[in-house]
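Please treat every number below as a calculation from the coordinates, not as lab data. These numbers come from a predicted model, not from an experiment. Heads up, the Cβs are rebuilt from the backbone with ideal geometry, glycines too, and the neighbour counts pull from every protein chain shown.
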4 protein chains.
Amino acid sequence: MITMSGNTFGKAFRITTFGESHGAGVGVVIDGCPSGLELSEEDVQIELDRRKPGQSSITTPRKEEDKIMIVSGVLDGKTTGAPIAMYAHNRDKDSSKYLEFINKPRPSHGDFAYREKYGHYDWRGAGRYSGRETLARVAAGAVARKLLAKAGIEILGHTVSVKGVEVRDVSIEDIRANVESNPIRCADKKAAEKMEAEIQNARESGDSLGGVAEVIALNVPAGLGDPVFDKLDADIAKAFMSVGAIKGVEIGSGFSASSMLGSENNDPFVIEDGRVKTKTNNSGGIQAGISNGMPIVARAAVKPTSSISKKQDTVDLEKMENTTIEVKGRHDPCIVPRVLPVLEAMLALVLVDHAMRSGLIK
Amino acid sequence: MITMSGNTFGKAFRITTFGESHGAGVGVVIDGCPSGLELSEEDVQIELDRRKPGQSSITTPRKEEDKIMIVSGVLDGKTTGAPIAMYAHNRDKDSSKYLEFINKPRPSHGDFAYREKYGHYDWRGAGRYSGRETLARVAAGAVARKLLAKAGIEILGHTVSVKGVEVRDVSIEDIRANVESNPIRCADKKAAEKMEAEIQNARESGDSLGGVAEVIALNVPAGLGDPVFDKLDADIAKAFMSVGAIKGVEIGSGFSASSMLGSENNDPFVIEDGRVKTKTNNSGGIQAGISNGMPIVARAAVKPTSSISKKQDTVDLEKMENTTIEVKGRHDPCIVPRVLPVLEAMLALVLVDHAMRSGLIK
Amino acid sequence: MITMSGNTFGKAFRITTFGESHGAGVGVVIDGCPSGLELSEEDVQIELDRRKPGQSSITTPRKEEDKIMIVSGVLDGKTTGAPIAMYAHNRDKDSSKYLEFINKPRPSHGDFAYREKYGHYDWRGAGRYSGRETLARVAAGAVARKLLAKAGIEILGHTVSVKGVEVRDVSIEDIRANVESNPIRCADKKAAEKMEAEIQNARESGDSLGGVAEVIALNVPAGLGDPVFDKLDADIAKAFMSVGAIKGVEIGSGFSASSMLGSENNDPFVIEDGRVKTKTNNSGGIQAGISNGMPIVARAAVKPTSSISKKQDTVDLEKMENTTIEVKGRHDPCIVPRVLPVLEAMLALVLVDHAMRSGLIK
Amino acid sequence: MITMSGNTFGKAFRITTFGESHGAGVGVVIDGCPSGLELSEEDVQIELDRRKPGQSSITTPRKEEDKIMIVSGVLDGKTTGAPIAMYAHNRDKDSSKYLEFINKPRPSHGDFAYREKYGHYDWRGAGRYSGRETLARVAAGAVARKLLAKAGIEILGHTVSVKGVEVRDVSIEDIRANVESNPIRCADKKAAEKMEAEIQNARESGDSLGGVAEVIALNVPAGLGDPVFDKLDADIAKAFMSVGAIKGVEIGSGFSASSMLGSENNDPFVIEDGRVKTKTNNSGGIQAGISNGMPIVARAAVKPTSSISKKQDTVDLEKMENTTIEVKGRHDPCIVPRVLPVLEAMLALVLVDHAMRSGLIK
């Protein structure tokens, strides 16, 4: 009988998501979107299509149509200022394979913790803690991106490592040019090939892989964010860590700062073209929680997909005895490429929220 | 004229901090603390003394008394359920040295971004974005820890690396035994010596160092946290990243998960002593955003202190020309040991908030 | 481009409504409903049917099916703890009659104020500020009532006056017995007849009437509500005043207290059946914002329906000149009977929110 | 052990109050005040002096200095955007007289309900639910009024009835001229005399009186408020009802609308001086929850002071038997004049919050 009440994100641009992986559908209500923004279902669908399964040989062959409907808040092609509700029916549901896990929690899934909290397990699939909920975030993020684009802000995501294979230095141009041309969403084509090979290996052995995703926001003006709890980087950290497979978040130099000297990590100011910039960007565009005008750079550690077909130890909760399971099914061996649109959406949601709070977007 | 509105943290156990580094003082109002908790100023002072400057040769020689007063919410030695306001006067303020930075922002400090946002700079010191604000968090955290202790939950912090010097595997017993016995707050005495040497080197060369801090919560029952936005790990990530010098946060295996196989990173369930546990704890005690009964393990990357006495490049914002500064003064060359009590407080605040939301504490 | 962000109500049991009167439909997302509550679409439909138009000769002949769908949050007939989304398609929409009001705001409707705020007018009907939005509140209220019923709390509403015709003292038994047996929802059958005559008169003359609605909650235990801003009566006042036609709210003796002596208005305590009660209930069950165990009694002043077919003065906003309009259409001459289920829902939402905040419902 | 968590009011301009009547003091933290506003302790003290006891023969002879200190958020005479904490020590405390009420709740006070909720009674006085808490609201309201004044908005309050003695129609000029010239704060001098006589009578007989207070906001532009839950009138209703002695709230024609025809109550639009106005103002300046440019007019029903020296029936909670008490002490026989500055402050807080939400104040 204990409640779940953390389904809203944001303060000025607030989203509330609803729906389960194997229920009727998944949706979101946006409260606080300014009126007068041109918005169509196509604008949203484009982003959903980047997230959907079945895009390539390295992602799950599940087909989810993920066709979005805008239910409210838009009139004559423009937002009205009223809540924007969006919704996608669930298709291609096959819950039967989950029946065996009712009493045998899958390792590193939420099955056990969820059941301990709510006193039940949604035998139809992960239910509310399924990755499918992120569809609603990407839909809301599409609206956020349109607002940000009007303010000149662009968001880019790319894969920076998979199972230890790292990209060499890639430029913004590399990212723009290459990310959508390979299934890894990697801006370094050579690294992309090695990563793809690693992923195919893992798939063949019934295993899975992790990696690191990076998301960058360009043209964010100085002044977004608050200096205490609602630091821009703090809100990004929460936003990213609230995505299922994420185990770590870093901004700018991140964990590498821990082995640097101050004289190496500090970003000296310099005047360029009449504007104040920093020579380096170890701060990742954020100082004291407030954007400083440099690109926002955030990275997330993505764990290997928990669903693997190898035999694993687990317990039978009814018999209270040790047992084993194999999680067969249609799973992504490496979720990094599909998590990127979700992280981009989360960064967009944080930025639009702070842009509204500071009056940049109104 | 743009506003700052992110000075409140938590939903059920909510804290609002106020005060500036060189203003009259710093304080906090806790709203939502249950009635009937025994609470004295000494309970709070103990934690503040662990945070205060001047504790050892490796911290700043500034003396801040940080004497806490409980202003409201406590009657006859017990909380009443009313807001608990706590306050510490500022002492030993010396603002004169900051005058030279009015137009010359210190690299990797908030000076520039803050000024861009609010249109002014608190020439008396970092003002609201000073580390001194964390005093208020530690005071609130002391109350949170008392509530958690009644529920059997213990929080421990220790330094796991400084400038690349890492601890070997340390046990909970090592942490309990050794952390308060060396100025690094490191549970591995040998590593502590090397870290101290690194810090003294950096101090002598006018430079600073970063490191990694780890905070652990023991005896957290399964079921705390929400599965979507208010994941327990998401709230920890925000809590940690909202502390000044933090550039990265990870839970359990964290960034190392990105180069692991699923079969390595997954935590198999096992029955031990009639209870469900996991053989490994790469999940850091949290699955799908909900605690699973294993220890909560979170780490934060601490950047090298931004204030260094070496000459640095910066700009003169009035003349709009390049210039240099040296940030003399009484600064910690490595903030990791003093940031630990702050991170412990933030973890306590997150846990008590979710414990109240789930009915564990009431 | 200014935003609308107040579409969420409640703290622990939070509802967010969406949809417009002449858009695709109207819905609500409930976040925070405990898991394990039996809930069917029929449970909700019963309450919606009490609100819907076309119930009798004194209400609008518009037919709105208002068929509710539960989209998420319920599995195998029980709530799961996940957000409960509910939705009703709009039917029988006829927007054509609204075209003439695009530039001629209807007196005492929101047309003018809304347009000033958002820069547009939803020509399809009142849009977001239509009474149709209250459908979503009643749906959420049905869930709240089920939770309250489990705690033994009952909510009753009845009409206490229409155009100055007042009920004589009616008992709880009168209310239970008579309210649903006449179209006025009046517990005093004689008064109901006079009220009905007044309403028919007004209808025939193209005019409308106001009245007063009373809502009572029985068996609310002492201890719900907070003593400062979130007083139980303060939250009821907001809840009621947020319903379209309401111009006043009072608790217990209400406005009549303003002409009483303290010795008349004070409620003496007395022990009855081993329990502490008050001899009178001028406090309406709430003292210092906290329930005292007596029935909660709240009343709302309902203004005459703004839509009347009599000719009225208004302005042409495009030509900026004075003009007149007649608001033809299918309107309720007196909204009191149909506003009652909405007020009952709002009281249920306030009570369940505070019951959860105090741990009574969990 | 149940918590009190409703000590914050507002969304954009948020205040959190703390302190008890007989504790160390009372204070408030404002979060969200824009930077750059000129603010001194004198600006705040002026408003506090209007609220303080001991102003005239009809108010309590208690002397409370209520000397305000600004603790944070102001630098060089201007707000910085950081939280503004303000605090007043309690003086002239005499808790001894309250000892007898520990087990004998005073009728229509919060003593019983509070004790039921929190499990204890603050024997030093009403504690958190004392009227003294409103000092903090008035202090915050003084800041809100300064912001509103910059936007041209003026707030006026006056007494419109005491024990059934009502003012005749008074103009804005009457209010400005007369309110501070008589102890009743009544704009109609003749009525003021009758009211004063009534109050003196009540005082002499150990009884108390209620009344009605009206607060008006002038020059509020169209467009403040939201059309659904956060209606401007809904937020005013909550704001007023959250003040201790208030039992009813009405906007514009209020409860009298319940006996009017639509053709009488509707406010026809008309163009005057090139601007859209309404001929009447039964809407009280608010339509569909949004200001329409006409004066905001709100009234509150003030109950007779609960503390009366006449003998009253109550119960002994320890012995669980009926008994009697007399509440001696220094109480206002009629609180209306002193509650006016509190209601004015609450209206200012609601308006500044919505003015910030809509971008009018930034």
Using only the alpha carbon atoms of segment B:8-357, find the Kirkwood hydrodynamic radius as the inverse mean reciprocal pair distance, in angstroms to one decimal.
-> 21.3 Å
At residue B:168, with labels set 7 Å past Cα in the Cβ direction, how many nm apart are the copies from this one, shortest first?
-> 4.0, 9.4, 9.7
What is the set of long-range amide H partners of residue B:75 at a cut-off below 5 Å, with H atoms built 1.01 Å from backbone N?
-> B:80
Consider just the alpha-carbon atoms of segment A:210-327 and return their Rg together with their Dmax, both in angstrom.
-> 20.2, 72
Once you average over the residues of D:154-163, how many Cβ atoms of partner chains fall within 10 Å of each Cβ?
-> 1
List the distances, in nm and shortest first, from the label point of residue B:274 to the matching label points in every other copy, placing each point 7 Å from Cα along the Cα-to-Cβ direction.
-> 3.7, 7.7, 8.5
So how do C:41-48, C:68-75, A:274-281 stack up, highest first, on mean other-Cβ count within 10 Å?
-> C:68-75, C:41-48, A:274-281
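Convex hull over the alpha-carbon atoms of the protein assembly as shown: what's its volume per residue in Å³?
Numbers: hull volume 238.4 nm³, N = 1448.
Spelled out: Cα convex hull of the protein assembly as shown, divided by residues, is 165 Å³.
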Residue-averaged [θ]222 nm for chain A, counting only DSSP H segments that reach four residues, each worth -39500 (n - 2.57) = -8000 deg cm²/dmol
Using a simple spin-label model with points 7 Å from Cα along the Cα→Cβ vector, what separation in nm is obtained for residue D:102 and residue A:171?
-> 8.0 nm
Sum up the charges of everything whose Cβ sits under 12 Å from the Cβ of residue A:309, counting Lys and Arg as +1 and Asp and Glu as -1, but leave residue A:309 out.
-> +4
Charge dipole (chain D, unit charges on Cβ, about Cα centre) - positive-most of D:221, D:18, D:352 | D:18
Grab the residue from chain D whose Cβ hugs the D-to-A rotation axis most tightly, plus its distance in whole angstrom.
-> D:359, 4
Most fluctuating of A:343, A:99, A:351 in the GNM of chain A (C-alpha, under 10 Å) is A:99
Output row for residue C:46: copy-to-copy label distances, label 7 Å along Cα→C-beta, ascending, in nanometres, one decimal, is 5.0, 5.5, 5.9
Taking chain A as the reference, fit the longest principal axis to its C-alpha atoms, fit the long axis of helix A:189-204 to the helix C-alpha atoms, and give the angle between the two in degrees, 0 to 90, nearest 10.
-> 20 degrees
Once both label points are put 7 Å beyond Cα along the C-beta direction, the residue B:320-residue B:204 separation in nm becomes 4.6 nm
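Report the local net charge at residue B:37: Lys and Arg +1, Asp and Glu -1, summed over other residues whose C-beta lies under 9 Å from its C-beta. Don't skip to the answer; put the middle values down first.
Numbers: positive: B:78, B:146, B:150; negative: B:38.
Result for the local shell: +2.
I need the peptides A:22-32, B:314-324, B:141-151, C:323-333 ranked by packing, meaning the mean over residues of other C-beta atoms within 10 angstrom, with the highest value on top.
Details: A:22-32: 25.5, B:314-324: 15.5, B:141-151: 22.1, C:323-333: 17.5.
Those peptides, ordered most packed to least, come out A:22-32, B:141-151, C:323-333, B:314-324.
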Can you grab the distance from the C-alpha centre of segment A:284-362 to the C-alpha centre of segment A:81-122, Å, no decimals?
-> 17 Å
Across peptide A:8-19, how many C-beta atoms of other chains are within 10 Å of each residue C-beta, on average?
-> 6
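Considering only the other residues whose Cβ falls under 10 Å of the Cβ of residue C:234, what net charge follows from Lys and Arg at +1 and Asp and Glu at -1?
Details: positive: C:231, C:238, D:238; negative: C:226, C:230, C:233, C:235.
Overall, the nearby charge balance is -1.
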Angle, helix C:134-150 long axis vs. longest principal axis of chain C, Cα atoms, 0 to 90°, nearest 10?
-> 10 degrees
In whole Hz, what ³J(HN,Hα) sequence does segment A:218-235 give by Karplus (6.51, -1.76, 1.60; θ = phi - 60°), x for Gly and Pro?
-> 9, 6, 6, x, 5, x, 8, x, 10, x, 10, 6, 8, 4, 4, 5, 5, 5
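How high is the relative contact order of segment C:8-357? Use alpha-carbon pairs under 8 Å, at least six apart in sequence, and give a whole percent.
The normalised contact order for segment C:8-357 reaches 22 percent.
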Evaluate peptide C:67-79: per residue, the Cβ atoms of other protein chains within 10 Å of its Cβ; return the mean as an integer.
-> 4
